[in-house]
Amino acid sequence: MQSKLEIMGEPQPGMPWEERPAGCRSVVWRYSKNPIIGRDALSTSNSIFNSAVVPFRKGEYNYAGVFRCDDTNRRMRLHVGFSVDGLKWDIDEEDIRLTGADPEVGEWVYGYDPRVAKIGDRYYVTWCNGYHGPTIGVAWTDDFATFHQLENAFLPYNRNGVLFPRKINGNYAMLSRPSDTGHTPFGDIFYSESPDLTYWGRHRHVMAPAAFELSAWQCMKIGAGPVPIETSEGWLLFYHGVLRSCNGYVYAFGSALLDRDEPWKVLARSGPYLISPRETYECMGDVPNVTFPCASLHDPATGRVAIYYGCADTVTGLAFGYIPEIIEFTKKNSIL
Ligand code: BMA
């Protein structure tokens, strides 16, 4: 007999949720009212997507987030938002102001694809930060008003920096994806540790793209998505994978299980995707055929998870699933 799956995290009984629709056979399903955030939610926005939400100040707002809002100059900016139900968002018209960084690092160039991890009492934002090319910016906040910027985690070029929600073996831990200056046609996920969120090292390889014959949706490059979810079976990681078709890149996402103490060791990795572009809002937009997850909310008691994902680099969607089912699916269909 298998012991009961334990899921870590704070209770979220009121999180966004919709049951699996009748007749749906997939392990993760889309919210029926997608997209939840339109492209022009701000007076200046061209698109709002690839964004990060977390539970925040229950009773007052319930949720806060950092949103990727590209403006009508097509500049990539980060904006703060708040929500009572996790579905309807009130996003600041002004973009985020970072404070406290060394001036050399603090000069804003661009920022995109944020993630937010709660570690202790602080919320840490990591994002793709322009510094002589893309690298991983880091800042923390405890009120979603003031963001204290730290050193960039890595040398350029790097993207998809995702912190674990607690220290592992005494150190902060982050997944990232070394890249190039452009639309990188390659990419593996790596793991790095830091005692102080300034100096990063002990880099370990986690996963390479899959063999085309085994799992084509993830055969060109992969990158970590939301902050990993800790369970007794390991860290559940949602990650995006890219296939190069005759019409360009296609971004889908799937799941993997990482060892709890040595997260660079992959225990299972799904061959089939969880979500791949098929709805109109995922296939039509500024960049067609992109589903790109950056955040999730979950409730340990019910096992429910809500995944926020960018759609066609234009709007934001939501998908749902049950963590025990996703773990089962990942193990049963593992390509390792
Ligand atoms: C990646 C990033 C993402 C984007 C994706 C598809 O390189 O820029 O923000 O969603 O490409 O355009």
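Among the residues of the range 290-304, those that are within 13 Å of the chain's Cα centre (by Cα) and more than 10 Å from the ligand (Cβ to nearest atom) comprise 293, 295, 296, 297. Among the residues of the range 179-186, is there at least one that is in contact (Cβ under 8 Å) with a residue 12 or more places away in the chain and either outside any loop (DSSP other than H, G, I, E, B) or within 23 Å of residue 8 (Cα to Cα) (or both)? The answer is no; no qualifying residue exists.
Touching an Asp or Glu at 6+ places or on another chain (Cβ under 9 Å) and assigned to a loop (DSSP other than H, G, I, E, B): does that describe residue 214?
No; evaluated as a whole, the condition is false for this residue.
Screening residue 123 against (1) on the phi < 0 side of the Ramachandran plot; (2) surrounded by fewer than 17 Cβ atoms within 10 Å (Cβ to Cβ) leaves a single unmet condition, (2). Filtered by the rule that a residue be at positive phi, free of Cβ contacts under 8 Å to residues at least 60 places away in the same chain and of a type outside the set (Gly, Ala, Ser), the range 25-72 gives 57, 62.
Being over 21 Å from the mean Cα position of the chain (by Cα) and basic (Lys, Arg) holds for only one residue in 74, 115, and it is 74. I'd like to know if the range 100-122 contains one or more residues that are hydroxyl-bearing (Ser, Thr, Tyr), away from the ligand (no atom under 16 Å from the Cβ), touching a residue at least 12 places away in the same chain (Cβ under 8 Å) and in a strand (DSSP E or B). Checked the range 100-122: no residue is hydroxyl-bearing (Ser, Thr, Tyr), away from the ligand (no atom under 16 Å from the Cβ), touching a residue at least 12 places away in the same chain (Cβ under 8 Å) and in a strand (DSSP E or B).
Rundown of residues vs (1) open to solvent by 30 Å² or more (accessible area, probe 1.4 Å); (2) over 21 Å from residue 121 (Cα atoms); (3) among the small types (Gly, Ala, Ser), yes/no style:
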site: 20; (1), (2), (3): yes, yes, no
site: 28; (1), (2), (3): no, yes, no
site: 37; (1), (2), (3): no, yes, no
site: 50; (1), (2), (3): no, yes, no
site: 54; (1), (2), (3): no, no, no
site: 60; (1), (2), (3): yes, no, no
site: 71; (1), (2), (3): no, yes, no
site: 78; (1), (2), (3): no, yes, no
site: 81; (1), (2), (3): no, no, yes
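In the set (1) hydrophobic (A, V, I, L, M, F, W, C); (2) surrounded by fewer than 24 Cβ atoms within 10 Å (Cβ to Cβ); (3) touching a residue at least 60 places away in the same chain (Cβ under 8 Å); (4) touching a strand residue (DSSP E or B) at 6+ places or on another chain (Cβ under 9 Å), residue 224 fails one condition alone, (2).
Any chance the range 223-234 includes a residue that's within 12 Å of the ligand (Cβ to nearest atom) and outside any strand (DSSP E or B)? Yes, because at least one residue in the range 223-234 is within 12 Å of the ligand (Cβ to nearest atom) and outside any strand (DSSP E or B). Look at the range 266-282: where a residue is farther than 11 Å from residue 252 by Cβ and a partner is basic (Lys, Arg) and buried (at least 19 other Cβ atoms within 10 Å of the Cβ), sitting 6+ places away or on another chain with Cβ atoms under 8 Å, you get 279/30. In the range 169-191, the count of residues that are farther than 21 Å from residue 266 by Cβ, open to solvent by less than 40 Å² (accessible area, probe 1.4 Å) and of a type in the set (A, V, I, L, M) is zero.
Considering 273, 309, the condition of being part of a strand (DSSP E or B) and either crowded, with 24+ Cβ neighbours inside 10 Å or not polar (S, T, N, Q) (or both) is satisfied by 309 alone. Across the range 123-144, the qualifying residues are those that are outside any strand (DSSP E or B) and free of Cβ contacts under 8 Å to residues at least 24 places away in the same chain, and the one among them that is farthest from residue 79 (Cα to Cα) is 142.
The values are calculated or read from the model by the stated rules, or taken from the named source; none is laboratory data. Please read these numbers as outputs of a predicted model, since none were measured by experiment. Positions of Cβ are backbone-derived with ideal geometry, glycine not excepted, and every protein chain shown enters the neighbour counts. Surface accessibility is based on the protein's heavy atoms, side chains included, excluding ligands, DNA and RNA. Shrake-Rupley method; radii C 1.70, N 1.55, O 1.52, S 1.80 Å.
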